[in-house]
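The values are calculated or read from the model by the stated rules, or taken from the named source; none is laboratory data. Quick caveat, the model's predicted, so the values are computed rather than measured. Reconstructed Cβ throughout: ideal geometry from the backbone, glycine too, with neighbour counts over all protein chains shown. Just so you know, the surface numbers come from the protein's heavy atoms only, side chains and all, with ligands and any DNA or RNA stripped out. Shrake-Rupley method; radii C 1.70, N 1.55, O 1.52, S 1.80 Å.
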Amino acid sequence: MKLKDTKEWTLCIVFIICCTSVLNACNKENVPDPSAPVDEITSSESDLVPDRKTRVVSAILNFEKLDDIDYLMVRKSGGDSYSVKISREELSPSYRFSYTVRKSDPESFHLLLSAYYKDGSESKALSLHIDNRWGFFVRKVSRIARVTGRSMADESYPNPNQTATRWNVGGTDLGIIWEMQEGKYGIFFGDTYGSDFVPKQASPGPNGGSWRCNVLAFSDDHDLDDGLSFSAMATDQGGNAREIVYGGKDDSGNGDWTSIPTAAIRADGVDYVHYFNLKNWTGWITNYSGMYKSVDNGLTWTKCEQIVFSSDSPFGQGGYFKKDGYVYMIGTRTGRDSEASLARFREPDIEDRNRYEYWDGVAGRWITGDEDKATPVIRDKVGELSFIYNEKHEKWIIAYFNADRYNITMRTAEHITGLWSEPYELASGKEYAQLYGSYFHPLSVSGDNLYFLMSMWMPYNVFLMKCELADMGRFPDE
């Protein structure tokens, strides 16, 4: 080929260069770049917590090419400047790396560890997160499993009970749980619908047939980290979960609409459920609140005719916990807008309201027989609630739905009468849309883990949640 001018020569050279680049790129395909950083350092631990006494965090490091390393460089991301060089002579195939946190370190920061090789190259950095919070706090909250209903198409949580097919419980809420016998638990749910229940994004909440105002499950599951399994439900002759507390199902708003459980307890060998009888959901107007009881371990239930709380009682909703010979009851008016008050009674007196004692915070004493003397112990908008005494942390712990913060709120106190702490957030509506209800499993009374049942309006079912507590105390002296 004969080129006529300089322009043609230039185009030809450009063409040759482009072809050469393409050929080189093809030849180099799938050939690793020897200068690219590698994953030299690995560790099974990436989130570290300081020791309460020594302030030390540590992790075991493993190396890919230990003999090629010149030194290990440690830098801090967050807080004041920090770097340290660890020579090859100090390292080993399973090397324990340690760092002592400082008072000046932030509550959360990272340590970045990089290996420098003898040839001058550098590995990818291993990032270790340091949780440097001190005092009492919620470390982590997670959803463990579905408790009721069918799993949704995009849902990966365990669903051990499959209540829609086994007991005709497709949609339900609440999940009030109490210990009936040692290691045996009862769980009350609210308005319940059948296996034809389908979650509706445009109109969430109850729908479908087989409406029962409440149903009851039983469990002897002691390992909750893979979900809460039922051993049985209270059923009718057809094997469907049956209604326990009668509700009239008059949805006109002027009669007996439904009966919703709010708390349950075993007192003096008998199981009791506290409930409210609803007239109209608009305004959460009730006819009254009352009790049912079972003397045969939940097989049959009868109404306690003499126990009636008025529609404006400060104990129209509530929660129970037994301690020091008393049953303590924290109550609210029905709905989600009232403050919480405190009562107590001896177990044999649960059906005798004249023997109930109410905490008068103004006088600083218990008043017998007059619920109007009960002064608020928690001045907040308290929705459906439960509370326990955690033996390890030596704290009373309450959880409840708060509409203003749109979350499940937790507070703690050294004494049941208060003072109660500022609120902690257990679950946010931003993460769990349309959440409500928060009922502690009795296994939460010991250790660092709180397990609670939480409802979601969409998909109108109940989930098992886990909260990890930490009490790091005060930052130790340096």
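Worth pointing out:
- Qualifying residues in region 180-203 (those that are among the hydrophobic types (A, V, I, L, M, F, W, C) and part of a strand (DSSP E or B)) - the one farthest from Glu243 (Cα to Cα): Met180
- Lone qualifier among Ser151, Ser92, Ser83 - being among the polar types (S, T, N, Q), open to solvent by less than 60 Å² (accessible area, probe 1.4 Å) and over 30 Å from Gly190 (Cα atoms): Ser92
- Looking at region 204-323, the strands (runs of 3 or more DSSP E) lying wholly inside it that each contain 2 or more residues that are farther than 22 Å from Leu435 by Cβ and open to solvent by 10 Å² or more (accessible area, probe 1.4 Å) sit at 258-267, 270-280, 285-294, 302-309, 317-323.
- Unmet requirement for Gly175, which otherwise passes all of (1) assigned to a strand (DSSP E or B); (2) without any contact (Cβ under 8 Å) to a residue 40 or more places away in the chain: (2)
One line per residue, one yes/no per condition, for (1) open to solvent by 40 Å² or more (accessible area, probe 1.4 Å); (2) among the small types (Gly, Ala, Ser):
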| site | (1), (2) |
| --- | --- |
| Glu347 | yes, no |
| Gly361 | yes, yes |
| Gly369 | yes, yes |
| Glu384 | no, no |
| Ile388 | no, no |
| Lys392 | yes, no |
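- Matching strands (runs of 3 or more DSSP E) fully within region 333-427 where at least 1 residues are farther than 30 Å from Asp471 by Cα and among the acidic types (Asp, Glu): 357-360
- Residues that are assigned to a loop (DSSP other than H, G, I, E, B) and under 22 Å from Gly316 (Cβ atoms) are absent from region 433-450 altogether.
- Hits in region 240-259 (condition: in contact (Cβ under 8 Å) with a residue 60 or more places away in the chain and either of a type in the set (Asp, Glu) or in contact with a helix residue (DSSP H, G or I) (Cβ under 7 Å, 6 or more places away or on another chain) (or both)): Asn240, Ala241
- Residues within region 79-119 that are within 23 Å of Lys53 (Cα to Cα) and touching a residue at least 12 places away in the same chain (Cβ under 8 Å), tallied: 19
- Hits in region 424-453 (condition: under 18 Å from Ser151 (Cα atoms) and touching a residue at least 60 places away in the same chain (Cβ under 8 Å)): Tyr432, Gln434, Leu453
- Region 120-140, residues that are in a loop (DSSP other than H, G, I, E, B) and touching a residue at least 12 places away in the same chain (Cβ under 8 Å): Ser121, Ser123, Lys124, Ala125, Asn132, Arg133, Trp134, Gly135
- Yes/no for Arg143 being free of Cβ contacts under 8 Å to residues at least 60 places away in the same chain, within 18 Å of Tyr432 (Cα to Cα) and either more than 22 Å from the chain's Cα centre (by Cα) or open to solvent by 10 Å² or more (accessible area, probe 1.4 Å) (or both): no
- Odd one out for Ser108, checked against (1) closer than 16 Å to Glu64 by Cα; (2) open to solvent by 40 Å² or more (accessible area, probe 1.4 Å): (1)
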